[in-house]
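The values are calculated or read from the model by the stated rules, or taken from the named source; none is laboratory data. Keep in mind that this is a model prediction, so the values were computed, not measured. Using ideal geometry, Cβ is built from the backbone for each residue, glycine included, and neighbour counts are taken over all protein chains shown.
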């Protein structure tokens, strides 16, 4: 007879891991599915986390490892697999992956987000050959070199700060005349001697044969174009929700985020959305962890009335 779980969690970022911790403590028969080979979600792409209570200046990989140790100590089984479809099946939901099928009374979707593309010539062709979306993953390859970072939010500014520690020169290319990042991050970035901000500039093309050599930038105030010699370019212009394969199971907004409040309940009873995948104002590790806790409280209520 095929095993049926109380709860299946999709994704192992801070929201999914926290949900796993609370579910195991509540003695729910739970399984966590992670599409990759390591847990942590977007935490793995963050060099330094300085806003999580009690863990100042911890690296994203260190925090991810600590989260995983905690949930594994509680005995949560974690399997590799990406959900491609969720189908209602009586009192259960059928969760399909390419390799297996699972059944659960409730499902927590914690699939997070993926990097948004610039969609300019050369971006796809040179991906992995000077085009990167993760400074902490690839920054070491550019020690003593010149790089560009595209964006104006926290992620872009954090990338700029990180890269300035190892690169000769860092250009921050931003299409507006002010940054959206937290003020403390802006202060740190703008105080670095080897960082130059190109205000009101947009990347129009990334050039190179076997590796990035330069980028074409457009000054949207002067209506002029120029070329910037760089060895690499790091793109941090936002994210998109990883919901495209699962959108049929519950209502999403126009951007593809599952519509859910602080209780993490979606339009479909038994389906819950947590972390970056749900509609919310602030997407941070601390709010993702809160979602994980709130979602399990909602799951317990739902399982009780089944």
*Does residue 178 satisfy the criteria of being part of a loop (DSSP other than H, G, I, E, B), in the same structural domain as residue 123 (by TED's automatic domain parsing) and farther than 18 Å from residue 60 by Cβ?*
yes
Of the residues in region 181-210 that are under 23 Å from residue 127 (Cβ atoms) and in a loop (DSSP other than H, G, I, E, B), the one that is modelled with the highest pLDDT is 209
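Quick grid of which residues meet (1) under 20 Å from the mean Cα position of the chain (by Cα); (2) at pLDDT 95 or above:
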| residue | (1), (2) |
| --- | --- |
| 75 | no, yes |
| 105 | no, yes |
| 111 | yes, yes |
| 133 | yes, no |
| 143 | no, yes |
| 151 | yes, yes |
| 159 | yes, yes |
| 165 | no, yes |
From the option list 209, 219, 253, 214, single residue qualifying as under 30 Å from residue 108 (Cβ atoms) and out of contact with any helix residue (DSSP H, G or I) (no Cβ under 9 Å at 6 or more places or on another chain) is 253
Flagged in region 168-180 as touching a helix residue (DSSP H, G or I) at 6+ places or on another chain (Cβ under 6 Å) and surrounded by fewer than 24 Cβ atoms within 10 Å (Cβ to Cβ), in numbering order, are 179
Exactly one of 236, 245 is buried (at least 22 other Cβ atoms within 10 Å of the Cβ), within 30 Å of residue 108 (Cβ to Cβ) and touching a residue at least 24 places away in the same chain (Cβ under 8 Å), and that residue is 236
